[in-house]
1. So how many residues does region 83-106 have that are more than 13 Å from the chain's Cα centre (by Cα), aliphatic (A, V, I, L, M) and closer than 18 Å to D51 by Cα?
2. Across region 22-37, what is the total count of residues that are in contact with a helix residue (DSSP H, G or I) (Cβ under 6 Å, 6 or more places away or on another chain), of a type in the set (F, W, Y) and open to solvent by 30 Å² or more (accessible area, probe 1.4 Å)?
3. Within region 1-48, work out how many residues are over 11 Å from the mean Cα position of the chain (by Cα), within 21 Å of K98 (Cα to Cα) and among the charged types (D, E, K, R).
4. Where the second residue is in a helix (DSSP H, G or I) and the first is among the charged types (D, E, K, R) and lies in region 27-54, which pairs have Cβ atoms under 7 Å and are six or more apart or on separate chains?
5. Scan region 52-106 for residues that are acidic (D, E) and out of contact with any helix residue (DSSP H, G or I) (no Cβ under 9 Å at 6 or more places or on another chain) and jot them down.
6. Under the condition of being in a loop (DSSP other than H, G, I, E, B) and not hydrophobic (A, V, I, L, M, F, W, C), which residue from region 35-55 is nearest to G82 (Cα to Cα)?
7. What number of residues within region 56-81 are loosely packed, with under 14 Cβ neighbours inside 10 Å, part of a loop (DSSP other than H, G, I, E, B) and without any contact (Cβ under 8 Å) to a residue 40 or more places away in the chain?
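The values are calculated or read from the model by the stated rules, or taken from the named source; none is laboratory data. In this text the structure is predicted, and so the values were computed from the model without any measurement. Methodologically, a virtual Cβ is constructed for each residue, glycine included, from the backbone with ideal geometry; neighbour enumeration extends over all protein chains shown. Just so you know, the surface numbers come from the protein's heavy atoms only, side chains and all, with ligands and any DNA or RNA stripped out. Shrake-Rupley method; radii C 1.70, N 1.55, O 1.52, S 1.80 Å.
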Amino acid sequence: VINMPISIDDYQFDGPFVSADWLRHTSGIYAVLDKRLDGSLFVVDIGQSGDVKDRVRNHDRKMCWRGSARGDLRYAALYTPGETVIRRETIERVLRNKFNPPCGEI
């Protein structure tokens, strides 16, 4: 997989990937994105986990993601090995406040 970073706010995320299978089993912040027909990306959800790949693949909000997307879903991750849960939650909160994604709660 060719890794092309994507900027979300001031953070460099890996992705966006067409499949959650390309995410890694490590801690971080994930972004679920809607790739629109014009190529633009819209933030559908932002979250954090100790295992990004497992969380996205088994997420309870998948139906919301699909229902909110007008295009194709994409997945991106900001990996944070060694960071605390508090730091991940802080980044998650900042990004959710900025993008106000239709899926998820603050």
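1. So the answer is 2.
2. Matching residues across region 22-37 total 0.
3. Number satisfying all stated conditions: 4.
4. D34/S68; D45/W65; K53/A20
5. The answer is D54, D60, D72, E89, E92.
6. Ranking the qualifying residues of region 35-55, first place goes to G50.
7. The qualifying residues number 3.
Let's see how each residue does on (1) surrounded by fewer than 19 Cβ atoms within 10 Å (Cβ to Cβ); (2) farther than 17 Å from E92 by Cβ:
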| position | (1), (2) |
| --- | --- |
| P5 | yes, yes |
| Y11 | yes, no |
| A20 | no, yes |
| V44 | no, no |
| G50 | yes, no |
